[in-house]
Amino acid sequence: MFKLLFVFAVLILSSNASVQDFCVADLKGPESPAGYSCKSVTKVTVNDLVFSGLSAAGNTSNIIKASVSPAFAAQFPGLNGLGLSAARLDLAPGGVVPFHTHPGASEVLLVVQGSITAAFVSSANTVYLKTIKKGELMVFPQGLLHFQVNAVGFNSVAYVFFSSSNPGLQITDFALFANDLSTKLVEATTFLDEAQIKKLKGVLGGTG
């Protein structure tokens, strides 16, 4: 009986999965944890399934000398519900994407110009570090802290691919120093001294 029920459940799931070929995001509606609701198929055009926003370099005139141009469901509605997305990473000389995580996706990085030093830290605090050259790939498992740093004296460019149409992002430095958490609590939980914490809060716009 159990085997029969299991087969029946699989058939139902398979049937539901094939009801629609795709689910172009209706950006006029709210986004839920499962993504956006589907745009009416009668209103879908090929332009919903094509995105040109990664063709131009991003603006790296900022504190981290880096730019990430996303192609998530909100920018590229055709990705909605497909479990994948992409982004373009531009790193000026000295550019860095600080330690951060993507709680909703694993990541693959493909370098197309220059070289990028990248690493992630496992839950056992093992560091996996490598300088990635043009044409090489590196994977960053879902939820693990990782970073990217330009390894050359000119602009480096990479394309990044995620296993979700909305991978999420939390940058550790901003989580610690760009909020209103009191300096005393940050000091107690990070072992940094008060002066350093206030300096970082001042740089990143935090208060407290």
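The values are calculated or read from the model by the stated rules, or taken from the named source; none is laboratory data. Bear in mind the structure is a predicted one, so any value in this text is a computation, not a measurement. Neighbour counts are summed over all protein chains in view; Cβ atoms, including those assigned to glycine, are modelled from backbone coordinates with ideal geometry. Calculation scope for accessible area: heavy atoms of the full protein, side chains included, ligands and nucleic acids excluded. Shrake-Rupley method; radii C 1.70, N 1.55, O 1.52, S 1.80 Å.
Can you tell me which of Ser69, Ser123, Ser85, Ser106 is open to solvent by less than 60 Å² (accessible area, probe 1.4 Å), on the phi < 0 side of the Ramachandran plot, without any contact (Cβ under 8 Å) to a residue 24 or more places away in the chain and of a type outside the set (D, E, K, R)? Step by step, each of Ser69, Ser123, Ser85, Ser106 is checked, and only Ser69 is open to solvent by less than 60 Å² (accessible area, probe 1.4 Å), on the phi < 0 side of the Ramachandran plot, without any contact (Cβ under 8 Å) to a residue 24 or more places away in the chain and of a type outside the set (D, E, K, R).
Taken over the range 31-83, the residue count meeting the criterion of being in contact with a Cys (Cβ under 6 Å, 6 or more places away or on another chain) and hydrophobic (A, V, I, L, M, F, W, C) is 1. Just give me the residues in the range 127-171 being open to solvent by 70 Å² or more (accessible area, probe 1.4 Å) and β-branched (Val, Ile, Thr), in sequence order. Answer for the range 127-171, where residues must be open to solvent by 70 Å² or more (accessible area, probe 1.4 Å) and β-branched (Val, Ile, Thr): Val127, Val139. Within the range 174-199, residues that are closer than 22 Å to Val97 by Cα have Cβ atoms under 6 Å from residues that are assigned to a loop (DSSP other than H, G, I, E, B) and of a type in the set (Gly, Ala, Ser) in these pairs: Phe177/Gly206; Ala178/Gly205; Ala178/Gly206; Asn179/Gly206, counting only partners at least 6 apart in sequence or on another chain.
Hey, among the residues in the range 35-65 that are of a type outside the set (S, T, N, Q) and touching a residue at least 40 places away in the same chain (Cβ under 8 Å), which one's least open to solvent (accessible area, probe 1.4 Å)?
In this case the residue turns out to be Gly35.
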